[in-house]
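**Student:** The structure follows.
The values are calculated or read from the model by the stated rules, or taken from the named source; none is laboratory data. Model, not experiment: these values are computed from the prediction. Cβ placement follows ideal geometry from the backbone for every residue including glycine, while neighbour counts extend to all protein chains displayed.
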Amino acid sequence: MTLGCRLNEAEMETWSRDFQLLGHAMTKQVEEADLLVVNTCAVTEEAVRKSRKLLSRSSRQNPNARLVVSGCYASLNPDAAAEIEGVDLVINNQDKGRLVEIVSERLDLSVMPQSATEPDATGLLSRGHQRAFIKVQDGCRYRCSFCIVTLARGEECSRPAAEIIAEINQLQNQGIQEAVLTGVHIGGYGADIDASIAELIRRILRETDIPRLRIGSIEPWDLPEDFWTLFDNPRFMPHLHLPLQSGSDSVLRRMARRCRRDEYRRLVDQAREHVPDINITTDIIVGFPGETEEEWQETLEFVEEIGFGDLHIFAYSPRQGTKAASLPGVLSRETKRQRSQALHQLGERLKRKALQHHLGHTLPILIEGGDEHGWGGYTPNYLRVKATEPGGVDLKNRIVKVLISGIDEASLQLQGAVRNIEVERTPGTLKR
């Protein structure tokens, strides 16, 4: 069980594979488990509350299971985590890479060798996932004034490229169609091993055949000049999540961010010049300490000027241990609520505008699942699509062409119909 970022999810998937290789079986039912592993989050006080609640609920649902807790909350508050009823073992972020080994040793989880599962049986597809999150690095060298995660994750540590490539090849052999590179500070990849994120992406595209490769959230100041040429390869998906946090330079200074409005604007212009169909999404923190009405209006105006495809909006909450927690000018909950609401409305309007550009186009969609109402998946530039297919064919985990014909206003998703199913089958797709 995991809370928080994609990096947490990537770590959970790695542990799952490693446990299965030792002979343990996975279950989706908490009540059936002999071992529960919870990967916690501490990015906000609300995330801490949810982490503690999940641990307590897990213990109540299955008091007989051994309960292991890791993640950022466990690393920042190990004593408090250990005191939660039912917790048997706390593993900090620095030891995450050895979690399966540590758990097996300390909790005596020995399994008969003959019961160990084969690697191909541990795939994500068996658990309903078509996209794999690949952890490429951990830690961050920067100290944005609002961020507790850099303290929880520690120093930067990059995985060797050969190890990452081997993992992607293994996952593709199991039928995975898309890999997403994740980390705390992805743009800092390789600083400790004389490499770079751009070099890693080039190697992955050269040494794997994964149909789709994405990159997770990357800081604007980490993009090298030649980054845009990576998109010349159609397997590198045209979507970038570039955290902005505020559209006011004065707020950005208080946040200790390393990118200002003019620099951010220039990067977006370069992106759209070199990759016309790129989708730029971002994070915005609402109600940072001291945020004046003028600064807030600067953010609204800048967000509209850039025209983001989607916004992740966070109302500021103080985190003990960060510089921002001691800043003056704390805003009221009502002010943050009103500003969040205004930004959500703007974000919906911008997203609708972005979706409209795709009407009438035929796009390759990775189908991730379906129900009686149709199939769901994503465009290369990470827009959600609802697709109909009248022939009754199982499309899950297939990349198919979809003619975009409309927008679902309730969910703000594209709608369309599947075309030429058989010829769009992608090599490596598992047959059902």
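**Student:** Count, please, the residues in segment 130-148 that happen to be among the hydrophobic types (A, V, I, L, M, F, W, C) and within 30 Å of K323 (Cα to Cα).
**Tutor:** Within segment 130-148, the subset among the hydrophobic types (A, V, I, L, M, F, W, C) is 132-134, 136, 140, 144, 146-148.
Right, trim to within 30 Å of K323 (Cα to Cα) and you get 136, 140, 144, 146-148.
Number satisfying all stated conditions: 6.
**Student:** Would you point out which residue out of G347, G321, G374 is of a type in the set (G, A, S), touching a residue at least 12 places away in the same chain (Cβ under 8 Å), assigned by TED's automatic domain parsing to the domain that holds F288 and at positive phi? Write out each step before concluding.
**Tutor:** Numbers: G347 fails: at positive phi; G374 fails: assigned by TED's automatic domain parsing to the domain that holds F288.
Result: G321 is the single residue among G347, G321, G374 that is of a type in the set (G, A, S), touching a residue at least 12 places away in the same chain (Cβ under 8 Å), assigned by TED's automatic domain parsing to the domain that holds F288 and at positive phi.
**Student:** For segment 78-90, state whether one or more residues are outside the structural domain of A324 (by TED's automatic domain parsing), under 25 Å from A132 (Cβ atoms) and outside any loop (DSSP other than H, G, I, E, B). Write out each step before concluding.
**Tutor:** So the first thing to find is which residues in segment 78-90 are outside the structural domain of A324 (by TED's automatic domain parsing), and the list is 78-90.
Next, only the ones that are under 25 Å from A132 (Cβ atoms) stay: none.
Checked against the condition, which is being outside the structural domain of A324 (by TED's automatic domain parsing), under 25 Å from A132 (Cβ atoms) and outside any loop (DSSP other than H, G, I, E, B), segment 78-90 yields no hits at all.
**Student:** Give the number of residues within segment 180-209 that are part of a loop (DSSP other than H, G, I, E, B) and buried (at least 23 other Cβ atoms within 10 Å of the Cβ). Break it down stepwise before answering.
**Tutor:** The initial filter retains those residues of segment 180-209 that are part of a loop (DSSP other than H, G, I, E, B), namely 183-185, 189-196, 208-209.
Now restrict to residues that are buried (at least 23 other Cβ atoms within 10 Å of the Cβ): 183-185, 189.
Here the count works out to 4.
**Student:** Next question, about the same structure. I'd like to know if segment 261-270 contains one or more residues that are buried (at least 17 other Cβ atoms within 10 Å of the Cβ) and over 26 Å from T379 (Cβ atoms).
**Tutor:** Here is the first cut: in segment 261-270, the ones buried (at least 17 other Cβ atoms within 10 Å of the Cβ) are 261, 264, 267-268.
With the extra rule that they be over 26 Å from T379 (Cβ atoms), the set shrinks to 261.
Yes, that holds for at least one residue.
**Student:** Check segment 222-235 and report whether any residue there is in a strand (DSSP E or B) and either modelled with pLDDT under 95 or out of contact with any Asp or Glu (no Cβ under 8 Å at 6 or more places or on another chain) (or both).
**Tutor:** We begin by selecting, within segment 222-235, every residue in a strand (DSSP E or B); these are none.
Among the residues of segment 222-235, not one is in a strand (DSSP E or B) and either modelled with pLDDT under 95 or out of contact with any Asp or Glu (no Cβ under 8 Å at 6 or more places or on another chain) (or both), which makes the answer no.
**Student:** On the basis of being under 21 Å from the mean Cα position of the chain (by Cα), in a helix (DSSP H, G or I) and at pLDDT below 80, does A152 make the cut?
**Tutor:** Details: under 21 Å from the mean Cα position of the chain (by Cα): yes; in a helix (DSSP H, G or I): yes; at pLDDT below 80: yes.
Spelling it out, A152 is indeed under 21 Å from the mean Cα position of the chain (by Cα), in a helix (DSSP H, G or I) and at pLDDT below 80.
**Student:** Could you identify the single residue in L363, L355, L350 that is among the hydrophobic types (A, V, I, L, M, F, W, C), more than 26 Å from P390 (Cβ to Cβ) and crowded, with 16+ Cβ neighbours inside 10 Å?
**Tutor:** Working: L363 fails: more than 26 Å from P390 (Cβ to Cβ); L355 fails: more than 26 Å from P390 (Cβ to Cβ).
The conditions single out L350.
**Student:** Which residue out of A25, A10 is assigned to a loop (DSSP other than H, G, I, E, B), in contact (Cβ under 8 Å) with a residue 60 or more places away in the chain, aliphatic (A, V, I, L, M) and within 28 Å of E178 (Cα to Cα)?
**Tutor:** A25
**Student:** List every residue pair whose Cβ atoms lie under 7 Å apart, where the two residues are 6 or more positions apart in sequence or sit on different chains, the first residue falls within segment 134-146 and is on the phi > 0 side of the Ramachandran plot, and the second residue, located anywhere, is among the small types (G, A, S) and not in a strand (DSSP E or B).
**Tutor:** Close Cβ pairs satisfying both conditions: G139/G154.
**Student:** Which is under 19 Å from the mean Cα position of the chain (by Cα), under 21 Å from I84 (Cα atoms) and of a type in the set (G, A, S), of A10, A33, A47? Reasoning before the result, please.
**Tutor:** On the way: A10 fails: under 21 Å from I84 (Cα atoms); A33 fails: under 19 Å from the mean Cα position of the chain (by Cα).
A47 is the lone residue from the list that is under 19 Å from the mean Cα position of the chain (by Cα), under 21 Å from I84 (Cα atoms) and of a type in the set (G, A, S).
**Student:** Take Q177 and tell me if it is in contact with a Leu (Cβ under 8 Å, 6 or more places away or on another chain), in contact (Cβ under 8 Å) with a residue 24 or more places away in the chain and not assigned by TED's automatic domain parsing to the domain that holds L366. Walk me through how you get there before you give the answer.
**Tutor:** Working: in contact with a Leu (Cβ under 8 Å, 6 or more places away or on another chain): yes; in contact (Cβ under 8 Å) with a residue 24 or more places away in the chain: yes; not assigned by TED's automatic domain parsing to the domain that holds L366: yes.
When the stated conditions are applied, Q177 passes them.
**Student:** Turning to a different aspect of this structure: Specify the residue that is surrounded by the fewest Cβ atoms within 10 Å (Cβ to Cβ); the eligible residues are those in segment 387-398 that are on the phi < 0 side of the Ramachandran plot and either among the small types (G, A, S) or at pLDDT 95 or above (or both).
**Tutor:** We begin by selecting, within segment 387-398, every residue on the phi < 0 side of the Ramachandran plot; these are 387-391, 393-396, 398.
Now restrict to residues that are either among the small types (G, A, S) or at pLDDT 95 or above (or both): 387, 391.
Numbers: A387: 24, G391: 7.
That would be G391.
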